[in-house]
1. Can I get the semi-axes of the stretch A:21-216's equivalent ellipsoid? Compute them from the C-alpha gyration tensor as square roots of 5 times the eigenvalues, in angstrom, largest first.
2. With axes computed from alpha carbons, what is the tilt in degrees of helix B:496-508 against the longest principal axis of chain B, rounded to the nearest 10 within 0 to 90?
3. For the stretch B:245-265 and the stretch B:85-154, what is the centre-to-centre distance using only Cα atoms, to the nearest Å?
4. Have a look at chain A and give its Rg and Dmax from the Cα atoms, expressed in angstrom.
5. Could you tell me how many degrees, from 0 to 90 and to the nearest 10, lie between the Cα long axis of helix B:311-320 and the main elongation axis, the longest principal axis, of the Cα atoms of chain B?
6. Can you tell me, using C-alpha contacts under 8 Å and at least 6 residues apart, the relative contact order of chain A as a whole percent?
7. At 4 °C and a viscosity of 1.567 mPa s, what translational diffusion coefficient does Stokes-Einstein give for the stretch A:1-120, taking Rh as the Kirkwood radius over Cα pairs? Give it in µm²/s as a whole number.
8. Given an 8 Å cut-off on Cα distances and at least 6 residues of separation, report the relative contact order of the stretch A:39-102 as a percent.
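Any read-out appearing in this document is the output of simple, stated calculations on the displayed coordinates, not a laboratory observation. Treat the numbers as computed from the prediction; the structure is a model and nothing was measured. Note that each Cβ is placed from the backbone with ideal geometry, even for glycine, and that neighbours are counted across all protein chains shown.
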Amino acid sequence: MMNNTNQLKRADFIFKNENDWKEILAKNIKRSQQVLINELISSELKGRGGAGFPTGLKWKLSAEAESEIKYVICNADEGEPGTFKDREILSLVPFKVLTAMAICGHVVGAKEGFIYLRGEYFFLKSSLNQAISEFEEYCKTIHLDFSVKIFMGSGAYICGEETALFESMEGKRGEPRNKPPYPAISGYMNKPTVINNVETLAHAYTIFTYGAKRFYDLGVQYSRGTKLFSVSGDTPKPGIYELELGMSLTDFVNDFGDGDTKAVQVGGASGFLVPRKRFAETNIGYQGKLTGISLPTGGSMMLFNSSRSMYNVLDNYLEFFREESCGQCTPCRVGCQQLWIGIKAVKSGEKNALYLEKLLRLSETMQWTSKCGLGQSVANSFSSIVENFREEMIY
Amino acid sequence: MNKIKITINNHPVEIKKDTSILDAARQIGVNIPTLCYHKDLCIAGNCRVCLVELAGQKRLSPACATPCEDGMEIFTNSVKVRNSRKHIIELLLSEHNADCTRCYKNGNCELQKLASDYKIMTSDFIPLVPFKHYTIDMFSPSIIKDDSKCIRCQRCVRTCAGLQGVNALTVAYKGDQMKITSFFEKSMNEVNCTNCGQCVIHCPTGALTERNYIEEVWEAITDPTKHVVVQTAPAVRVALGEELGFAVGTRITGKMVAALRSLGFDSVMDTDFTADLTIMEEGTELLSRLKRALVDHDPDVKLPMATSCSPGWIKYIEHMYPDYLGYLSTCKSPQQMFGVLVKTYYAQARNLQPDKIVSVSIMPCTAKKFEANRPEMHASGYRDVDYVLTTRELAIMIKQAGIDFMKLEDAKFDRLMGESTGAGVIFGATGGVMEAALRTAYELVTGRDVPFDNLNILPVRGMEGVREASILIENPLKEWAFLNGVELKCAIVHGLINAKKLMDAIQSGETQYHFIEVMACPGGCLGGGGQPIPTSPEIRRKRAEAIYAEDEGMPLRKSHLNPEVIKIYADFLIKPLGEKSHLLLHTNYTARKRY
């Protein structure tokens, strides 16, 4: 799996053995909250779910919030099309995630943790529960009051949005909440809650094992450390790869492409499509030219070769969004429907090509006005596909 | 008090911390349009019409759901805001069956008004209505639900859950399929809907409307073989004016009577009369229950006794607390007492064939339509009340008839069942039935007026959701000696969410009352689901003031002094809780499922 090339800096932290988790846990819960937070902040770890919020700051805000009861939640509702890394982490190194959750509980003052597990990952539940009981057993021996429960999702994409996830856990309909207040202040059950992606927690484990510097030294400025990438599409070697952040898309395609790569979708359906002519100027990381704004996903890399119709790709994404919008807010619910039937109308000639301009303006309105990341990011794939492959939309 | 400094459209404002941008703007006279926002309801922030621009932020923020922060620079009418808002309105219209001229809410629709304010003359978007399989639920006798007019603002859902605690309406499905529906998508008449109509007065569009009987009533009026009798509920006279150009809280009783006569009703009488009659029956029932409890130590007697005037409350308790039906007063509501007496007492007195009488009631209520339709409401041998119109439907008829309402001379109700007292009038406000009952029961027991200044029992009035009051009975008349020293404990609730709180407290045994008044709607009947739209706490407060002013202006203010009530007992009913009363004025209830 791990072929070395000159261009791509491979890494192997996440899936490296987790046998030392007891030691790591015991050692770290003896450290002070402030020291742990500072370590995380100085590592510059950012949320690996895609939004890229600084993890240390998240923990800090929650630690400062005043409440008897707080929660730690691991977001394992991995629903972004083309992403499958969290499944692998939970299958192979679950103790890293549990350990990081417990350290987080120690830092913020939470005694309860939850793993919100994607409905389709039901098959992971029993092995995870086994790991949890072994983990809780150990916590007792070191007098750490921390428990973890699994909460099963039911298949709605929107429930990966953190506040919709809380609603879902509270037994309500999975609809995003208004922000502020943010989860660090008022999350699950309106209590201060740290909610982190599976991979973020796994990286936190790495940082608490090797120290912040080791992590910080990897990657590039603003995008420190490594990241798991779920590589799929027209590639001879689909799979999950841990790479340093900051690589250029040219290097990535040279390694993973099939020699005929026309475009790469970075960040799943809610991310951006990058055409071949922009590969060289595009870097993968939080401050890259295209990925400079926060993308609500992390690590999905879909490669398309010249046999693929970009119209079909967009049609597929929009059908997905039309169905997976929670339907609560106007721009997302109606906007997704309009974009979907809109490109069909242009394709069929029912609307002329200028209608694409109106749809682009609509996608921009959706970005400015939608309540949550779902509606806000439809414009990413829509505008990047329509602007770069206009003729494929029309003819 | 934490004050912060912000600017709205470059105008500096000092404001209390945590005020929403919407409230802050309204305080300085800047109006931000809204759709999903309603003063009665929790914040949703889902329509996105109230978006504003904040300096330094790319994305727009919903004014209703965003608290002001120190130093915020807010723009409510920037190019970006205006264009986005127009886009949102266009999107809503593309999903909405915008067949405005054929819509029942034409002229009183918030979406229509927005489209007009922003001059949405054309739309870029493809109409989505033909792609949807919209249905209209017309099975309920009270409420019609037309999904094609729904804009998913969820005001009805928040009303049904937050104000009423009923949860008959909820959200189902997601994405393009997302809709507002009931349990298992059953029709509204098959679920635990109480027909209170609060969803109707909170709906911004024509998605939820009352089932109207305007044409049926016109037909009856114009049929020369029919004698059409109309009764008007107490809360109608303080709200009808709002539909016809008067300020909120204007009393227009005399003009309303004149208008009804000019519409062609053969007899215009007053539900207040049977409100007074209800007090006689219900007051006597309460005293007899107290006697059974205190003197006979009857273990089967059910206390507290609960009022039974509000049909929304009746259906609610039938669904949610079926074990407590025995606690309800067996008295029919004033509307149904009136209906049965029209086709018996009135028919005899006027020498009319009951089958030639059409009995119409004007109610602030949509649940009254369901009540009139109940199988047990045929004690006269006929359907006791034939048609129930809401305040809004009456206003429509007055407009259709071309009556210049403002110019009408005040008129008086017809006799026999048209006399009322202030006690009957205050039935329209929360706490009113309690106050009227106490005025009569206290005097009946002690021979004296209630010990409150000018008969105004202020502790039972007000707009708090749950209120308690008690009256100590001292030196009663001889036959009521067993009540000496008894502190009569009462509770008053309005809005079914508060009824739930009270019932749960009673169920758990933590509170003990003798008498409870429950009104399904916020504010009582004056905030009923059949009243003019819009509603708000402020509007309900003004209507309540009007009701109490009407009471104070009446020469008679105690039910037992109503001369027509005295006459009906002398000529027809003989005595409260007598044989005829049992037959005609009392009823029983049906246990229903929770869904």
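1. Computed over the stretch A:21-216, the values are 23, 19, 17 Å.
2. Helix B:496-508 sits at roughly 60 degrees to that axis.
3. 32 Å
4. Expressed in Å, the Cα Rg and Dmax of chain A come to 21.0, 70.
5. On a 0 to 90 degree scale, this one is about 80.
6. 18 percent
7. Diffusion coefficient, whole number: 81 µm²/s.
8. Averaging sequence separation for qualifying contacts and normalising by length gives 19 percent for the stretch A:39-102.
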